[in-house]
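Undergrad: Please find one structure pasted underneath; my questions will follow.
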């Protein structure tokens with residue numbers, strides 16, 4: 001598969017990014033939205049982790065944001081079991 005075909009494969013795919021409002025997650029989200037992906041951002045907005053809505057301002061109206069913690073199973077989208085890609089940009093093992 002060539003690089004262009006690989007990039008086209010993301011178009012219209014649903015992608016969940018944990019830590020989506022931090023530096024890495026937000027930049028990844030912007031790139032994926034520009035490629036046509038349907039992006040869901042998950043972020044706990046902990047003060048010491050750098051999450052900020054400003055980071056996704058250019059794509060704010062084209063993403064879904066879930067304010068929750070990956071360590072709290074009850075707060076996640078339990079109905080989103082078909083998401084084909086989950087990208088981890090958050091320190092999920094960090095202490096509360």
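Read the figures in this text as sums done on the coordinates, not as results from a lab. Just so you know, these numbers come straight off a predicted model, no measurement behind them. Quick reminder, even Gly has a Cβ in these numbers, built from the backbone with ideal geometry, and neighbours come from all protein chains shown.
Undergrad: Determine, for each peptide in 27-37, 63-73, 10-20, the mean count of other beta carbons within 10 angstrom over its residues, then list the peptides with the highest first. The partial results should precede the final answer.
TA: On the way: 27-37: 17.4, 63-73: 15.1, 10-20: 19.3.
Per-residue mean Cβ counts within 10 Å order the peptides as 10-20, 27-37, 63-73.
Undergrad: Applying 1/(1 + (r/R0)^6) with R0 = 22 Å to the Cβ-Cβ distance of residue 12 and residue 48, what FRET efficiency is obtained, to the nearest 0.05?
TA: Details: r = 36 Å, r/R0 = 1.62.
That gives a FRET efficiency of 0.05.
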